[in-house]
1. Just need a number here: residues in the stretch 196-213 that are open to solvent by less than 70 Å² (accessible area, probe 1.4 Å) and touching a Leu at 6+ places or on another chain (Cβ under 6 Å).
2. Taking VAL65 and the conditions (1) more than 30 Å from PRO131 (Cβ to Cβ); (2) without any contact (Cβ under 8 Å) to a residue 60 or more places away in the chain; (3) in contact with a Ser or Thr (Cβ under 8 Å, 6 or more places away or on another chain), which numbered condition does it fall short on, given that it satisfies the others?
3. Can you find even one residue in the stretch 72-91 that is closer than 30 Å to LEU174 by Cα and among the polar types (S, T, N, Q)?
4. Say we look at the stretch 115-136 and pick out the residues that are in a helix (DSSP H, G or I) and not hydrophobic (A, V, I, L, M, F, W, C); which of these is most open to solvent (accessible area, probe 1.4 Å)?
5. Based on what the data block shows, is PHE112 under 16 Å from the mean Cα position of the chain (by Cα) and part of a loop (DSSP other than H, G, I, E, B)?
6. Condition test on ALA136, is it under 28 Å from GLY163 (Cα atoms) and in contact with a Leu (Cβ under 6 Å, 6 or more places away or on another chain)?
7. Can you confirm whether ASP193 is without any contact (Cβ under 8 Å) to a residue 60 or more places away in the chain, in contact with a strand residue (DSSP E or B) (Cβ under 7 Å, 6 or more places away or on another chain) and open to solvent by less than 60 Å² (accessible area, probe 1.4 Å)?
8. Search the stretch 143-192 for residues being in a loop (DSSP other than H, G, I, E, B) and out of contact with any Lys or Arg (no Cβ under 9 Å at 6 or more places or on another chain), and hand back the single one that is farthest from ASP16 (Cα to Cα).
Amino acid sequence: MKIDRLIETYDRGAVDYDAIMMRYWHIEREPLIASLQLQPGQTVLDAAVGTGLNLSAYPEGIKVVGIDLSEKMLDEARKKHVSADITFKISNLCNLDFPDNSFDAAASGFTFCVVEDPVLALKEILRVTKPGALIAILDYCKSQYPEIQKWQELIADAASQLGFPTGKIKWDALMDYDELIYNSKLAIEVLADDRIESQNPFLCGCQLLLKNSKS
C-alpha cells in the first residue's frame, strides 16, 4: 500500500481504531510483550505503535520508542495509561532513522500486513535491533489451508483498496508469513510460530517470536 494512501486511511480511522479492533480482532497483548523477556533498563522498538494497543503491556523500567506514519494514530496512543517510559516518533518502518543496534528488542502488532514491503520492513527492524534481540509479532496472515486461502483471495482487493470497515483499516489479506520468515533469507531464527486458523477468512493470524541472528 502506498505511503500517502496509508497515512490518509489511518489518519481517518484513528479515533475509531481501538473500537474496531476490540469488536473484530481483539487479542490480549500481554503474552506478546511478555515473550520478549524484557529486563529493566532495556529499550524496545514498537513498530508501528499505532494507537498504542501494546503499550499497557510494557512493564515499568522499560524504555519504549513507538514509531508510526500517522500523527493522528500517535495522538490516540498518547492518551493511553502506561507504566513504561514512552517516546513517540513519526518514522517509516521501511526506512527507519535510527542507528544500527539501537534497540534491545522489538514488537509489532498488525503491521506487516499493512506495509508496502514487509521484507524490507523486517530487514530494517533487524538492522536497528542488536544481535540476539527478540522480535515479537502479532498479525493477520494468509491461511496455510487452501480452502481458506481461496476466500482470502476473494476479499484481498477490497481489504487493500476499500478497507473493512470501509476507509478505516486496510491490509493485505494474502500476507504470506511463510514467505517472510522462512524464504526471505533474512538473519532470523524462528523461536515460535503460532498460527491462528479460522474458517472465517478475516480471522486468520499469527503470533511469532523471532531472534535476530545477525553477527
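1. 3
2. (1) is the only condition that VAL65 fails.
3. Yes: one or more hits.
4. Applying the first criterion (in a helix (DSSP H, G or I)) to the stretch 115-136 yields 118-128.
Filter once more, so that each one left must be not hydrophobic (A, V, I, L, M, F, W, C): 118, 123-124, 127.
Working: PRO118: 30, LYS123: 119, GLU124: 22, ARG127: 65 Å².
Here the residue is LYS123.
5. So PHE112 passes the test.
6. Working: under 28 Å from GLY163 (Cα atoms): yes; in contact with a Leu (Cβ under 6 Å, 6 or more places away or on another chain): yes.
Here the answer is yes, as ALA136 does meet what is asked.
7. Values: without any contact (Cβ under 8 Å) to a residue 60 or more places away in the chain: yes; in contact with a strand residue (DSSP E or B) (Cβ under 7 Å, 6 or more places away or on another chain): yes; open to solvent by less than 60 Å² (accessible area, probe 1.4 Å): yes.
Yes.
8. As a first pass, look at the stretch 143-192 and keep what is in a loop (DSSP other than H, G, I, E, B): 143-145, 162-176, 183-187.
Then drop every residue that is not out of contact with any Lys or Arg (no Cβ under 9 Å at 6 or more places or on another chain), which leaves 145, 165-166, 169, 171, 183, 185.
Working: TYR145: 32, PRO165: 10, THR166: 12, ILE169: 10, TRP171: 16, ASN183: 36, LYS185: 37 Å.
Restricting to residues being in a loop (DSSP other than H, G, I, E, B) and out of contact with any Lys or Arg (no Cβ under 9 Å at 6 or more places or on another chain), the top hit is LYS185.
The values are calculated or read from the model by the stated rules, or taken from the named source; none is laboratory data. None of these values were measured; they are calculated from a predicted model. Using ideal geometry, Cβ is built from the backbone for each residue, glycine included, and neighbour counts are taken over all protein chains shown. Please note that ligands, DNA and RNA were not included when accessible areas were found on the heavy atoms of the full protein model with its side chains. Shrake-Rupley method; radii C 1.70, N 1.55, O 1.52, S 1.80 Å.
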